[in-house]
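The values are calculated or read from the model by the stated rules, or taken from the named source; none is laboratory data. These numbers were taken from a predicted model, which means no experiment stands behind them. Note that each Cβ is placed from the backbone with ideal geometry, even for glycine, and that neighbours are counted across all protein chains shown. When the accessible area is computed, the model is the full protein with side chains, heavy atoms only, and any ligands, DNA or RNA have been set aside. Shrake-Rupley method; radii C 1.70, N 1.55, O 1.52, S 1.80 Å.
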Amino acid sequence: MIRLSKIILFFTAVVLLAWLLPWTYRFLTVRPDRTPFTLYSCVTESFASIDFNDGDIVRHDASGKTYTDREFDSILPLFYYRQLLSDGRQPDTLRGVALTPQTVSMQSFYFRNSPSDINKVKPELYPLLEAMSGRVELQMPPDVFRIHDRIEFIDMATNRVNDRKSDLFTRALQAKGFEFPAACVSGNPTTRKEYDEGYMLLDGKGGLYHFKQLRGRPYVRRVDLPDSVRIADIFITEFSNRRSYAFLSDEAHNFYVLTNPGYELKQLPVGHFDPRSENIMIVADLFNWTVSISGEEGTRYYAVDADDYSLCDTLTYPAAEGVRQRVAEWLFPFDLSFTSYDDQYVYPRLGRFSACALLLDVLLAVVYLIVRRRHLRRAWLPAAGIVLLGLFLFVPLMVIRR
């Protein structure tokens, strides 16, 4: 019984120290890792950034040329259009295209997604708005739907299934070849948008479908995909310019845009992108998209042509590997955490394994053997544990002597 109590005591101490020691070290030594705000300029045809240097704002392009705030507004005329309009400095035309406030705002959009937006518990009840109501403002429906072996609409006031509507929409999906249940349901169920495109669905066999409601009737469109493309995640867009239905990523971590009209799948030249572990931000204007993808290795910028989705330019900011991180690799053989910025779940996670800490672990094991030299026969097993667990076991062994 005493032996079991000791095992439980030291196991608890190791778990707590593996969690608290690395966390405390990072908390005390953390420094902000700033990435300059960067956009692609259609005037200079290069990236332009805003950075901070000793508290001063520095505006520069990729070549290092610096600009005043008014000059910086002029090389990003579509992003700072309202400022130029207020100053009376807005260009009438750009690249042969007449610029009006309506044109600039219509062709501009902002898209952002983080891993925590995907790695979370999602509700299985979805409101299906009327996409052709004849009214300017969208309205939330009185029912919601769920998809399992069929689609079911549930009245929210009575909590009863509307069998008639459920059968109608189930038959419409089956008529287009939809295989239940749905593997992915992507929509934007809110009235704070200009129009509604319903949902993009992945069926049980990986088929892609566009699904919405038009005047109470189902609209289902099957989207043909190349055999080599297996869609994993979908992000419905509903931008003002109505040039796309959704962004999509596949199992090979390629990134696509589904165009409107035509439902053409266009691959964006942004390299590897895993939405479950990397952040993405797209700032788009009339001529170019600035795509930013950030992860543990740093931040990558891509300038993409807004018309043909070709690559215009790239820029990379590697992650800063400071002294803090290198010291941690020599101190801790691993760390234990229960939460992550990449999701909203709480469970034990082992990570950041480091072989560099083995040297310190061996030294700590030698120190322990020297301290316990009078009981050397019983000290070899704890010393072996110190080689594996390092400080996480050495500290409780030295503190809890009896």
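Scanning the stretch 85-94 for residues that are open to solvent by 60 Å² or more (accessible area, probe 1.4 Å) and of a type in the set (A, V, I, L, M, F, W, C) returns a single hit, LEU85. Residues of the stretch 238-273 that are open to solvent by less than 20 Å² (accessible area, probe 1.4 Å), more than 28 Å from PRO91 (Cβ to Cβ) and of a type in the set (S, T, N, Q): SER249, THR259.
Residues that are assigned to a loop (DSSP other than H, G, I, E, B) and of a type in the set (S, T, N, Q) within the stretch 1-28 are absent altogether. Give the residues of the stretch 95-133 that are among the aromatic types (Phe, Trp, Tyr), under 17 Å from ILE293 (Cβ atoms) and open to solvent by 40 Å² or more (accessible area, probe 1.4 Å), sorted by residue number. Passing the criteria: only TYR110. Can SER105 be described as over 20 Å from SER46 (Cα atoms), in contact (Cβ under 8 Å) with a residue 24 or more places away in the chain and of a type in the set (S, T, N, Q)? Yes; evaluated as a whole, the condition is true for this residue.
Residues of the stretch 195-228 that are of a type in the set (Phe, Trp, Tyr) and modelled with pLDDT of 95 or more: TYR199, TYR209, PHE211, TYR219. Counting the residues of the stretch 348-402 that are of a type in the set (Val, Ile, Thr), under 19 Å from PHE334 (Cα atoms) and touching a residue at least 60 places away in the same chain (Cβ under 8 Å) gives 1. The residue that is farthest from the chain's Cα centre (by Cα), among those in the stretch 339-348 that are modelled with pLDDT under 90 and open to solvent by 30 Å² or more (accessible area, probe 1.4 Å), is TYR347. With a requirement of 1 or more residues that are under 21 Å from LEU128 (Cβ atoms) and over 23 Å from the mean Cα position of the chain (by Cα), the strands (runs of 3 or more DSSP E) lying completely within the stretch 193-249 that satisfy it span 208-214, 217-223. Residues that are over 20 Å from ALA246 (Cβ atoms), in contact with a strand residue (DSSP E or B) (Cβ under 9 Å, 6 or more places away or on another chain) and assigned to a loop (DSSP other than H, G, I, E, B) within the stretch 125-156 comprise LEU125, GLN139, PRO141, PRO142, MET156, listed in sequence order.
Taken over the stretch 349-375, the criterion of being of a type in the set (Lys, Arg) and either open to solvent by 70 Å² or more (accessible area, probe 1.4 Å) or out of contact with any Ser or Thr (no Cβ under 7 Å at 6 or more places or on another chain) (or both) is satisfied by ARG352, ARG372, ARG373, ARG374. Condition check: among the basic types (Lys, Arg), surrounded by fewer than 20 Cβ atoms within 10 Å (Cβ to Cβ), out of contact with any His (no Cβ under 7 Å at 6 or more places or on another chain) and at pLDDT 95 or above. Does ARG192 satisfy that? It is false that ARG192 is among the basic types (Lys, Arg), surrounded by fewer than 20 Cβ atoms within 10 Å (Cβ to Cβ), out of contact with any His (no Cβ under 7 Å at 6 or more places or on another chain) and at pLDDT 95 or above. Each residue in the stretch 1-27 was checked for being open to solvent by 50 Å² or more (accessible area, probe 1.4 Å), touching a helix residue (DSSP H, G or I) at 6+ places or on another chain (Cβ under 8 Å) and modelled with pLDDT of 90 or more, and 1 pass. VAL30 passes every criterion in (1) open to solvent by less than 50 Å² (accessible area, probe 1.4 Å); (2) of a type in the set (Val, Ile, Thr); (3) modelled with pLDDT under 90 apart from (1).
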